[in-house]
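Some notes on the structure that comes next.
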Amino acid sequence: MIFFSSLASICNGKVLQQNREREIRDLLIDSRKTLLSDQALFFAISGERHDGHKFIPDLYAAGIRQFVVEHAVSLDLYPEANILLVNSSRAALQVLAEAHRKRFDIPIVGITGSNGKTIIKEWIFQLLAPDYKIVKNPGSYNSQVGVPLSVWQIQHYHQLGVFEAGISQPDEMERLEKVIRPTLGIFSNLGSAHDKGFINPEEKVREKLKLFHKVETLIYCSDNGLLKSEIEDQKIPAISWGFTSGGEYLVSQHKNKIEIQNHQSRFELLFPFTDKASVENALHCVILMLHLGYSIASIQTRISTLQAVPMRLELKQGINNCQVIDDSYNNDLGGLQISLDFLSGLQKKKKTLILSDILQTGLEDSALIIKIQEILAMSGVQRLIAIGPVLYRHQNQLLINGINSSFYKNTSEALSEIVWEEFAHEIILIKGARIFQFETIVARLQRRIHGTRIEIDLNKMAHNLNYFKSRLNPGVKIMVMVKAFAYGSGSEEVANLLQFHRVDYLGVAYTDEGVDLRKNQIGLPIMVMNPTEESFPLLLVNQLEPAIYSIGLLRAFIDFLQDQPCTVHLEVETGMHRLGLEEENLDELIQLLRENRNISIASIYSHLAGADESTHDEYSQAQFDRYQSSYKKISTALNSKPIKHILNSPGILRLPQLQMDMIRLGIGLYGINPTSDSVDQLQPVATLKTVISQIKKIKAGESVGYGRKGQPTHAITLATIAIGYADGFSRSFSRGAGQVLVKGKRAPVVGNVCMDMTMIDITGIDAKEGDDVIVFGEGLPIQEIAARINTIPYEILTNTSERVKRVFFAGSY
């Protein structure tokens with residue numbers, strides 16, 4: 001752990017103020033982050049267009065209490081803050097990450113090059129995740145600030161790091177090498193990206209190679225003569241491959257068949273793609289796996305399951321039935337071609353390209369325009385909106401038959417002159433360098449965000465977690481269930497909080513839920529309760545642990561594994577009669593597990609059917625006894641002691657005597673008491689809110705809504721709110737069964753709940769259009785609204801649609 005008091009010596013800074021000692025858990029450089037805590041450290045970075053110091057007041061008001069600054073601030077405005085003064089906040093961030101990196105002795109793969117870094121990184125994760133707990137850059141965090149933020153993620157449980165690093169000018173890589181300290185390296189390729197930042201290609205190669213000055217082995221393609229000669233001149237220990245002679249591995253390609261040979265052997269692999277870029281990226285991964293000792297058979301199995309890596313393209317719903325592809329992150333020639341390829345694969349609608357000047361290509365303007373012209377001519381685009389001084393000056397060269405083109409000097413001019421409402425029924429690719437601020441164009445074209453949201457208080461969630469921890473016997477582990485989108489609360493955010501608090505396990509219902517968590521940097525062990533045969537490859541790739549609940553499932557899994565090692569959980573049937581291995585299956589189970597020692601058993605568990613009610617206590621005890629009998633038989637026969645668990649949230653609260661090695665916490669984490677007993681310590685974490693869209697007066701005798709089911713007997717004030725059954729507000733709330741809270745007062749539902757809207761009676765309530773409405777939360781408990789339609793809080797939470805925006809609140813964890 002690193003504390004604020006040690007920052008001055010680490011970062012060569014001066015403490016301006018220290019209110020009290022605080023641990024540093026999170027590093028922030030972006031004030032827009034919604035997850036804030038007083039154990040976060042904000043680096044106020046002064047840049048060309050933004051000054052992080054401007055956001056310190058807002059961050060302090062939001063609960064941030066630790067800051068690194070580049071100039072003095074008014075200390076009397078921040079009496080509770082710890083503040084460190086440094087010459088450069090960016091350099092301090094790097095040095096702090098460097099100190100953090102030195103605490104861990106694990107292999108680190110460093111990746112650099114002109115293109116393909118992120119794909120190679122993500123594919124290494126997919127390929128090696130079954131064997132290593134891997135930490136990596138989130139997305140494309142490969143910059144001077146992205147790399148230190150990524151390396152800060154390393155924790156004691158990680159076994160391998162994979163970090164990409166990108167530079168645009170000299171001296172940058174030397175700083176990143178100190179942060180990453182790679183033991184292995186991959187140089188993806190050498191292209192034209194960021195050529196302008198360097199005197200010549202030789203300088204760019206030498207600067208990038210600084211990442212690998214201390215590696216044990218560097219993997220690269222020897223087809224590039226400049227790269228090959230520089231690596232040899234610098235005597236960097238390396239393994240090379242290429243399609244021409246000169247590398248340790250000679251490669252040839254025949255469609256998707258890849259033949260690889262060296263002086264010792266020759267073998268073939270079948271790739272799930274044939275395009276040049278993907279093949280080259282995958283070959284870097286293959287050579288790495290060979291270097292790490294993987295067999296050809298294992299490499300083939302894993303390469304076959306490689307999945308496309310979603311990069312910076314995001315398809316959004318736009319106005320007037322448009323679709324918007326937001327690719328405003330990176331704008332180079334290769335990226336433009338990739339984006340247009342993606343666009344061409346979307347069928348039917350008219351295609352529009354909004355393009356900015358392409359920067360840092362190293363080409364003269366005239367040569368660049370010829371390249372753009374060639375790409376556009378083959379693109380299938382029907383309309384071009386070009387923005388930027390270079391495109392504007394060369395517009396005559398970009399007038400292409402079949403493309404309706406318009407040109408603007410800058411983004412402001414385009415925003416003011418274009419009639420945006422005329423865009424309809426088309427696919428719009430927005431491709432612009434960051435300096436052009438195309439996010440303003442995205443905002444014009446994107447459909448209005450849904451006004452309904454569910455607010456999740458992570459402080460209360462942490463409180464509930466600690467409350468359940470307090471009820472456990474010493475040494476009892478905690479598995480937290482984050483299935484069903486974390487009970488409607490948002491799986492990624494909840495899982496990150498749980499990882500922060502070091503729970504022992506996460507549990508999900510289906511494999512794709514676990515895959516999503518892995519994609520979002522969740523490294524905790526994850527049990528999958530209901531795996532399917534189709535999901536077996538994803539289980540291994542993402543290091544997920546399936547629950548085996550039948551002999552048939554076990555046999556299918558054994559056939560799939562082909563002696564590959566894997567960890568599983570066993571669910572035994574004790575009386576729930578849902579999933580589980582029957583007692584008569586245990587002998588066959590034991591025999592199969594004896595024959596397949598590659599399968600290790602992490603836990604054996606069962607599920608109580610009636611832990612929430614005292615009337616079922618005798619049955620719960622009988623289930624527990626049957627479980628103990630089954631566990632003893634299995635563990636004795638296999639000579640092992642897997643983790644034992646049977647208690648869920650109501651069981652933790654009501655049946656503490658049945659605690660064993662681990663408990664499974666579900667709905668209780670969200671502050672909902674699933675028992676009839678009183679538990680005052682739990683704090684509900686979720687508040688579902690919407691807004692009033694319109695208010696109108698309704699006369700007696702007039703009807704409201706579909707089927708004219710709302711027929712007030714007297715004049716009322718009617719409000720239409722922006723929530724319906726498509727959002728999870730059930731039609732069962734129709735005609736007065738449901739109530740909401742407006743200005744602290746109850747307002748009943750009038751007529752039938754519609755798909756996207758609901759009408760309520762706000763007579764006598766001083767409300768206006770745009771006011772918030774509480775669907776459930778403080779003053780209107782979820783238990784009450786569930787009881788109104790004869791259901792349970794579980795259903796209300798999990799039915800809340802994913803189109804409802806999740807907003808998270810947090811202070812000190």
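Numbers at a glance
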read-out	value
18 Å tail of the calculated P(r), segment 19-122, as % of Cα pairs	56 percent
Full-extension gain in nm, residue 214 to residue 373, via 0.36 nm per residue minus C-alpha separation	52.9 nm
Gain upon complete extension [residue 235, residue 678; 0.36 nm per residue less C-alpha separation]	152.4 nm
Extreme residue, positive dipole direction of the chain, given options 191, 72, 155 (C-beta unit charges)	72
The chain: antiparallel DSSP beta bridges as a percent of all, rounded to 5	35 percent
Solvent-free Debye scattering, log10 I(q)/I(0), computed from the Cα coordinates of segment 539-587 at q = 0.32 Å⁻¹	-1.26
In range of the label at residue 550: residues from segment 581-617 whose backbone nitrogen is under 11 Å from the point 7 Å along Cα→Cβ	581
Surface accessible to a 1.4 Å probe, per residue, for the residues of segment 577-698, Å²	45 Å²
Whole-Hz ³J(HN,Hα) from phi, Karplus 6.51 cos²θ - 1.76 cosθ + 1.60, for segment 145-160, glycine and proline x	9, x, 5, x, 5, 5, 5, 4, 6, 4, 10, 4, 8, 6, 10, 7
Volume per residue of the C-alpha convex hull in segment 465-555, rounded to whole Å³	108 Å³
Length gained when the stretch residue 87-residue 156 is fully extended (0.36 nm per residue, less Cα-Cα span)	21.7 nm
MRE, 222 nm, helices only [DSSP H, n ≥ 4, -39500 (n - 2.57), over the chain, to nearest 500]	-8500 deg cm²/dmol
Cα-derived Rg over Rh, computed across segment 132-197 with Rh taken as Kirkwood radius	0.98
Segment 412-544, dipole about Cα centre (Lys/Arg Cβ +1, Asp/Glu Cβ -1), debye to the nearest 20	740 debye
Whole-Å distance, taken between Cα centres, linking segment 68-134 and segment 254-297	32 Å
Residue-level accessible surface for residue 803, protein heavy atoms, 1.4 Å, Å²	100 Å²
From phi via Karplus (6.51, -1.76, 1.60), per-residue ³J(HN,Hα) for segment 104-121 in Hz, x at Gly/Pro	10, 10, 10, x, 10, 9, x, 10, 9, x, 7, 9, x, 4, 5, 5, 4, 4
Cα-based Rg and Dmax for segment 73-177, where Dmax is the largest Cα-Cα distance (Å)	16.0, 53
Projected area averaged over orientations for the chain, convex hull of C-alpha atoms, nm²	40.2 nm²
Rg and Dmax [Cα atoms of segment 355-455; Å; Rg one decimal, Dmax integer]	15.3, 52
Too-long pairs where the Cα-Cα distance tops 29 Å, listed order kept, from 102/805; 136/371; 214/477; 121/235	102/805; 136/371; 214/477
Candidate residues 71, 645: accessible-area rank, largest first, probe 1.4 Å	71, 645
Paired Rg and Dmax values of segment 684-813, which use every Cα atom, in angstrom	14.6, 54
Pairwise Cα inverse-distance average, inverted: Kirkwood Rh of segment 185-233 (Å)	11.3 Å
Quarter of Cα convex hull surface for segment 169-285, i.e. mean projection, nm²	7.8 nm²
Residue 769 versus residue 277: modelled label distance in nm, points set 7 Å from Cα along the beta carbon direction	4.7 nm
Cα→Cβ-extended label distance, 7 Å offset, between residue 17 and residue 590, nm	6.9 nm
Length-normalised contact order of segment 487-592 in % [C-alpha pairs under 8 Å, at least 6 apart]	19 percent
Kirkwood hydrodynamic radius of segment 404-468, Cα pairs, Å	15.7 Å
Long-range HN-HN contacts of residue 68 with modeled amide H, under 5 Å	42, 43, 44, 84
Sulfur and carbon atoms: percent of accessible area, segment 378-457 [1.4 Å]	46 percent
Segment 10-129: antiparallel DSSP beta bridges as a percent of all, rounded to 5	30 percent
Inter-label distance, nm, simple model (7 Å from Cα along the C-beta direction), residue 628/residue 297	4.4 nm
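The values are calculated or read from the model by the stated rules, or taken from the named source; none is laboratory data. Values in this document were obtained by computation on a predicted structure and should not be read as measured data. Here the Cβ is made from the backbone with ideal geometry for all residues, glycine too, and neighbour counts use every protein chain on show. Just so you know, the surface numbers come from the protein's heavy atoms only, side chains and all, with ligands and any DNA or RNA stripped out. Shrake-Rupley method; radii C 1.70, N 1.55, O 1.52, S 1.80 Å.
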